[in-house]
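Take a look at the structure set out below.
The values are calculated or read from the model by the stated rules, or taken from the named source; none is laboratory data. Keep in mind it's a predicted model, so treat the numbers as computed, not measured. As a convention, Cβ positions derive from the backbone with ideal geometry for all residues, glycine included, and neighbour counts pool all protein chains shown.
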Amino acid sequence: MIEARGLTKHYGDKTAVHDLSFQVRPGVVTGFLGPNGSGKSTTMRMILGLDTPSAGEVTVSGRPYRQLPNAPRHVGALLDAKAVHGGRSARQHLMCLAQLAGVPARRVDDVLGMVGLREVAGKRSKNFSLGMGQRLGIAAALLGDPQVLLFDEPVNGLDPEGIHWVRNLMRGLASEGRTVFVSSHLMSEMALTADHLIVIGRGQLMADLSVREFIARNSTAYALVRTPAEDGAAQKLTAALGEAGGQVAGGPDGALRVTGLELPRISDIAHAADVRLWELSPHSASLEEAYMRLTQGAVDYRSTQDPRGGPAQPQPYGGAPVAGGGPVPAGAPFAPPNPYAGPPAPAHNPYAAPNPAPNPAPNPYAVPQPAQQPAPQPVAAMPPQPVSPPAAQQVAAVPAQAADPQTQTPPQTPPRPEAPGAPAAAAGARPTAEKPTDAEDA
Ligand SMILES: Nc1ncnc2c1ncn2[C@@H]1O[C@H](COP(=O)(O)OP(=O)(O)OP(=O)(O)O)[C@@H](O)[C@H]1O
């Protein structure tokens, strides 16, 4: 179990992590999500004793990492796969770590086999591809057969086979009762790997929910209804569904999107209205859609080509409704407004190739455009975080970075990996230079 309580980290006047409280439980894979720069790596470094919290604390199995007896046997981590002495072979690198942690040498060959590097175990790691380096980092994390595992972007650079392997590895480790905490930007992969999610934005907790609940809260399921292209069929059904309390929007593909009515009810209404149905299917959002909806107001780095670009609007603390809660607003039956949202999401895909014959039909799924962007409100104080484990939760607001009075701390030197005995794969610290021997490449 990993437990953070009020975890905060300032780098000079920059607040990387603010008042973060969460638990990572054993037996499940917990995904750690957040936009670039939201504080995931900083949080992981604090868990591993590589950064010292400015406030709050984080414990692993009830103790701060540095107080764990033989920590590398208890916690394995992959933070930076490049934190390897390039002149050493994969086997030498793991041997060094094994000696430091008191792990038997035979375990090195075991983990080399597990990660698929046995054939190249004698090669210098500086010649490794990105994916091979990731595998070596994962091998280092597994070396001590730890009960708690942290992986920062473990599938970075892996081929599809490797991604599949990592997915099964994570799930297997969790099924053995271990605590598995993994960050990733690959939402499709997280949807397949993680059971639970902790989502942060600008250093603050945004959601602490099961994957299923996270998607349900941050998207609206709807029924897709397709009628024959007969005169008036769609209009007739739209009117009947509306009378029954449903909310209906047409799409550019001619299908209707219906919320507020169960599928069997829609079928009955269509039957009573004498409208044949060609399709009646449930549609639920993907993790990626739900994640984008939740975090769109907490993204710091956006392309100038993205219509949502521009300076991020400070978000007020507190007061915002919980995403996904409340009634579906009129005019946007499939997309409840995102309380974190700055500029609304574009109604079209900004990344798509230009359409030579754009469809003029408005996108009914777009977040409604507010008449005027509200002026940023001054930030007063942090609201109490409703963190009361084990209740799953979703937190209401993302903080404005500069407005927190706690950020006004005097500048401090950016921390360096500082924990003796911290996991070498995680430390980002390169061992002192050693002269490589060509024989190592044999
Ligand atoms: N040593 C440091 N000194 C100063 N600022 C830092 C330091 N480490 C991180 N930061 C800042 O803290 C914020 C959080 O960074 P962090 O690397 O934790 O984010 P992240 O969520 O892991 O991002 P990414 O998804 O891009 O890896 C960023 O604004 C970053 O610039």
So residue 80, is it acidic (Asp, Glu), surrounded by 15 or more Cβ atoms within 10 Å (Cβ to Cβ), in the same structural domain as residue 33 (by TED's automatic domain parsing) and modelled with pLDDT under 90 = yes
key: Residues of segment 137-147 satisfying the condition of being out of contact with any Phe, Trp or Tyr (no Cβ under 8 Å at 6 or more places or on another chain) and crowded, with 22+ Cβ neighbours inside 10 Å   = 137, 139, 140, 143, 144, 146
request  = Would you be able to say whether some residue in segment 15-37 is among the β-branched types (Val, Ile, Thr) and more than 19 Å from the chain's Cα centre (by Cα)?
outcome  = yes
key: strands (runs of 3 or more DSSP E) lying entirely in segment 147-249 (those with 3 or more residues that are within 21 Å of residue 132 (Cβ to Cβ))   = 148-152
Members of segment 197-232 found to be surrounded by 19 or more Cβ atoms within 10 Å (Cβ to Cβ), closer than 21 Å to residue 261 by Cβ and in contact with a Lys or Arg (Cβ under 8 Å, 6 or more places away or on another chain), listed by number = 219, 222, 223, 225, 227
remark   = Inside segment 96-113, the number of residues satisfying the requirement of being aliphatic (A, V, I, L, M) and surrounded by fewer than 16 Cβ atoms within 10 Å (Cβ to Cβ) is 2
query = From the list 122, 87, 131, which one is small (Gly, Ala, Ser) and either under 30 Å from the mean Cα position of the chain (by Cα) or under 25 Å from residue 181 (Cβ atoms) (or both)?
reply = 131
ask   = Which of the residues that make up segment 6-22 are surrounded by 18 or more Cβ atoms within 10 Å (Cβ to Cβ) and more than 10 Å from the ligand (Cβ to nearest atom)?
value = 7, 8, 18, 19, 20, 21, 22
task = Those residues that are acidic (Asp, Glu) and away from the ligand (no atom under 16 Å from the Cβ), I need them from segment 181-207; list them, please.
result = 195
task = Tell me, yes or no, whether segment 183-196 has at least one residue that is touching a residue at least 60 places away in the same chain (Cβ under 8 Å), at positive phi and in the same structural domain as residue 32 (by TED's automatic domain parsing).
result = no
inquiry  = Whether any residue in segment 82-95 is without any contact (Cβ under 8 Å) to a residue 40 or more places away in the chain and more than 16 Å from residue 50 (Cα to Cα) is what I want to check.
reply    = yes
message = Tell me yes or no: at least one residue of segment 54-74 is crowded, with 18+ Cβ neighbours inside 10 Å and within 13 Å of the ligand (Cβ to nearest atom).
response = yes
ask   = For segment 210-245, how many residues meet the condition of being among the β-branched types (Val, Ile, Thr) and more than 30 Å from residue 23 (Cβ to Cβ)?
value = 3
request  = Could you list all residues from segment 23-48 that are within 15 Å of the ligand (Cβ to nearest atom) and of a type outside the set (A, V, I, L, M, F, W, C)?
outcome  = 31, 34, 35, 36, 37, 38, 39, 40, 41, 42, 43, 45
